[in-house]
Amino acid sequence: MKNIDPTKTEAWKKLEKHFLEIRELEMKNLFQEDPQRSEDLKIEWEDFYVDFSKNRITVKTQEILLKLAEECGLKEAIKSYYDGDAINKTENRPVLHTALRVPKDEEVFIDGKNVIPEVYQAKDKIRKFSTEVINGALKGHTGLAFTDIVNIGIGGSDLGPTMVTESLKFYKNHLNLHYISNVDGDHVHETLQELNPETTLFLIVSKTFTTQETLSNANTARDWFKKAAPSEAVSKHFVAVSSNIEKVKDFGIDPENIFPMWDWVGGRFSLWSAVGLSISLAVGFEQFDELLMGAHEMDVHFKGADLKDNIPVNLAMLSIWYNNFFKAESEAVIPYTQYLQKLPSYLQQAIMESNGKSTDRNGKPVSYETGNIIWGEPGTNSQHAFFQLIHQGTKLIPADFIGFKHSLHNDKDHHQKLMANYFAQTEALLMGKTAEEVIKELEEKNLSSEEIEKLTPFKVFKGNKPTTSILINKLTPASLGKLIAMYEHKIFIQGVIWNIYSYDQWGVELGKQLATEILTEIQKSDVQNHDSSTKSLLKFFLK
């Protein structure tokens, strides 16, 4: 991948000039001037309809943004990404989670070896295991079928599977899924106290099998289990997703029940691998496979579509437009379905851990903003929470609105009300409400002129707030796979443009190192050298 400072490109200079020309433009005026606007700034692809027209851009903006992508070598970077080049340079690894979802007859090479047979061997193992657990053929040590599955992991070993399992709850079978991630003992004990050890299966998900939070929770779960069962029964109730075979065996897990993890799959992009075993158990392997195939369809679109017609490319370049030119620091993701309530949390890790970097690919400090703060909640709940800030606050907050044409339970009344809000909010953010409109409304309520004068400033909406509408036919495993992959590719594109490495996460290391040292001090009640604040806090904690 080329190391190009985006601010030195011709396109960036054109964008700076163009920004000064259009930063005060009102989007509603652009719609009035150009009846074709909504057609020119949308992409229809399979069951996705993506409308970019309610953004503070023109067709010219889009053209220059795409020119920036070309100058930064995006097309060449995409080829390196799919070819298995070691684009995670600081760890010297390829980034090939896309290989986990390709058809069986394709080939993907890493160091000259086609990894697809290995991927499908793991998928066959997931299929067999999850099918036998679901149909009751695989039982616990007392001969009872499993009723509850507990996934113990953290970060990518938790957020992805948790989000997908929640999102596909409509397709769920009889098994009850539980996720334990936080090293907070209250979390694990609250979960365990409701379970029956005879019918509970634990999945320990940790690449190294050394992650403090995961191993602490796994040991607590094993201790809880062994109070009701002999030690040899651990092998029937615990399985692992890990690359550290010896440590897993030492824990008491049968080597036959170890599922692989690969160095070329980053943790926060690993739900497509055996890390998604809990997903396959929750909804069945066929639905899990549909999720993967949906993601693959988005992979094919991203790899092959022209930049102008490429959904992830347009999403990523819009994000750069707001982040680097409008200086918008955050983006909201608003899914209009309760099923996707965990999507914003999942995207927080995927996006902020990937692109929260201040060093470029040359090892130099960047001179421009990178990364975005991601947040959100489902509509309509969010409308009664933080939409006040988006509508009338002082910050510019671009937002993705994700909606579906059809509901899953076919409740027409509820879905029409939900989607009426989806469409109304994007229109309200676009149009706002002028003082003249407010005065007219208040006059119709027969308020006095004095009351009208007093209230008007508070009821004015400036509008001109940018939104992207992502309208999908229906929430299925396949459409969810497409949606997740769409955001994954957006992350990659932003990293290319910002000239940063998106696939390492050295920023999580320092706190972990210090925590290990401080834990020893806490256990020994011996506070060592720290800043005065930390020292005082530790002394207060140990009193």
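Here, each number is a calculation from the coordinates, and none is a lab measurement. Bear in mind that the values here come from a model prediction, so they are computed numbers and not experimental data. We place every Cβ from the backbone using ideal geometry, glycine too, and count neighbours over all the protein chains shown.
Some points to look at:
- With contributions of -39500 (n - 2.57) from each DSSP H run of at least four residues, the per-residue ellipticity at 222 nm computed over the chain stands at -14000 deg cm²/dmol.
- Legend: ranking of residues Asp158, Asp111, Asp504 from fewest to most surrounding C-beta atoms inside 10 Å; resulting order Asp111, Asp504, Asp158.
- Values of log10 I(q)/I(0), in the order q = 0.13, 0.15, 0.17, 0.21 Å⁻¹, for region 198-316 under a Debye, Cα-only, solvent-free model: -0.62, -0.76, -0.89, -1.18
- The distance linking region 186-213 with region 311-364 is 31 Å (Cα centroid to Cα centroid, whole angstrom).
- Percent of Cα pairs exceeding the 20 Å cut-off, where the set is region 25-167: 73 percent
- Only helices reaching 30 angstrom along their own axis (Cα) with mean Kyte-Doolittle hydropathy no lower than 0.5 count here, and for the DSSP H runs of the chain these are 477-498.
- Of Leu480, Phe202, Tyr49, farthest towards positive along the dipole that unit charges on Lys, Arg, Asp, Glu beta carbons give the chain: Phe202
- Spatially proximal lysines relative to Lys454 (Cα-Cα < 22 Å; intrachain offsets below 8 disregarded): Lys433, Lys440, Lys445, Lys462
- Summarising the amide proton neighbourhood of Ser330: residues at separation of 5 or more, or on other chains, whose placed amide H is nearer than 5 Å comprise Ile373.
- Shown here for region 343-437: chymotrypsin sites (Phe, Trp or Tyr not before Pro) in loop regions (DSSP other than H, G, I, E, B) with at most 16 other Cβ atoms within 10 Å, namely Tyr368.
- Sequence-ordered 3J(HN,Hα) estimates for region 203-211 from the Karplus curve with 6.51, -1.76 and 1.60 and θ = phi - 60° stand at 10, 9, 10, 7, 4, 8, 6, 10, 4 Hz, glycine and proline given as x.
- The convex hull around the C-alpha trace of region 131-289, projected and averaged over every direction, spans 8.4 square nanometres.
- DSSP-defined antiparallel bridges as percent of all bridges, the chain, nearest 5: 30 percent
- Whole-Å distance, taken between Cα centres, linking region 460-490 and region 146-181: 23 Å
- Equivalent-ellipsoid semi-axes of the chain, from the Cα gyration tensor, Å, largest first: 42, 28, 26
- Too-long pairs where the Cα-Cα distance tops 32 Å, listed order kept, from Lys128/Lys474; Lys249/Lys482; Lys113/Lys490; Lys67/Lys104; Lys169/Lys357: Lys249/Lys482; Lys67/Lys104; Lys169/Lys357
- Cα-based shape type of region 25-93, given that a ≥ b ≥ c are square roots of the gyration tensor eigenvalues and the cut on a/c is 1.5: prolate
- 37 °C / 0.692 mPa s Stokes-Einstein diffusion coefficient of region 392-458, Kirkwood radius on C-alpha pairs, µm²/s: 220 µm²/s
- Annotation: amide H of Asn473 within the under-5 Å range of Lys405, sequence separation 5 or more or interchain, hydrogens built in the peptide plane.
- Summing charges over neighbours of Gly143, with a neighbour being any other residue whose Cβ is under 14 Å away from its Cβ, gives +1 when K and R count +1 and D and E count -1.
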